[in-house]
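Working notes for the structure below.
The values are calculated or read from the model by the stated rules, or taken from the named source; none is laboratory data. Quick caveat: nothing in here was measured; it's all calculated off a predicted structure. FYI the Cβ positions are ideal-geometry reconstructions off the backbone, even for glycines, and counts take in every protein chain you see.
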Amino acid sequence: MTTQIDPAVYAAAKETAVLVDRSNLGMLKITGATRLDLIDRMSTQAVKRLQSGEGRATIFTTDIGRIIDRLILYASSDTVYALTSENHADPIARYLMRYVFLTTTFT
């Protein structure tokens with residue numbers, strides 16, 4: 001089965017922007033001086049040097065390598081926003097809080 005893409009829609013996506021409703025995803029706002037270091041240690045992707053305005057996908061795993069969730073990270077100057085799977089923000093926050101000292105917060 002092939003899907004036909006409207007040429008006007010394709011051109012608009014290629015030349016301007018595409019809006020995608022991702023409201024079903026969970027979101028965490030992670031702050032604190034060690035936020036990137038924590039995420040870097042807990043995930044499969046190197047994110048320690050993520051700069052403001054950059055984004056990156058990463059996988060969180062257990063200590064024996066089982067996948068917990070795939071997160072999409074967006075960095076600002078003092079915050080990392082993490083998109084989680086649907087209804088998974090609270091479990092990810094609880095998982096990370098086990099490894100957090102007082103300088104990193106989740107909302």
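Of note:
- Scan region 45-56 for residues that are surrounded by 15 or more Cβ atoms within 10 Å (Cβ to Cβ) and not in a loop (DSSP other than H, G, I, E, B) and the total you get is 1.
- Checking each residue in region 11-29 for being under 23 Å from residue 80 (Cβ atoms), of a type in the set (D, E, K, R) and modelled with pLDDT of 90 or more picks out only 29.
The rows are residues; the columns are (1) crowded, with 18+ Cβ neighbours inside 10 Å; (2) modelled with pLDDT under 95.
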site: 43; (1), (2): yes, yes
site: 58; (1), (2): yes, no
site: 73; (1), (2): yes, no
site: 97; (1), (2): no, yes
site: 103; (1), (2): no, yes
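- Among the residues of region 59-77, those identified as free of Cβ contacts under 8 Å to residues at least 24 places away in the same chain and either aromatic (Phe, Trp, Tyr) or not in a strand (DSSP E or B) (or both) are 62, 63, 64, 65, 66, 74.
- Enumeration of residues in region 1-39 that are in a loop (DSSP other than H, G, I, E, B) and of a type in the set (Asp, Glu): 6, 21
- Any hit, region 82-95, residues being exposed (fewer than 14 other Cβ atoms within 10 Å of the Cβ), at pLDDT 85 or above and over 23 Å from residue 22 (Cα atoms): no
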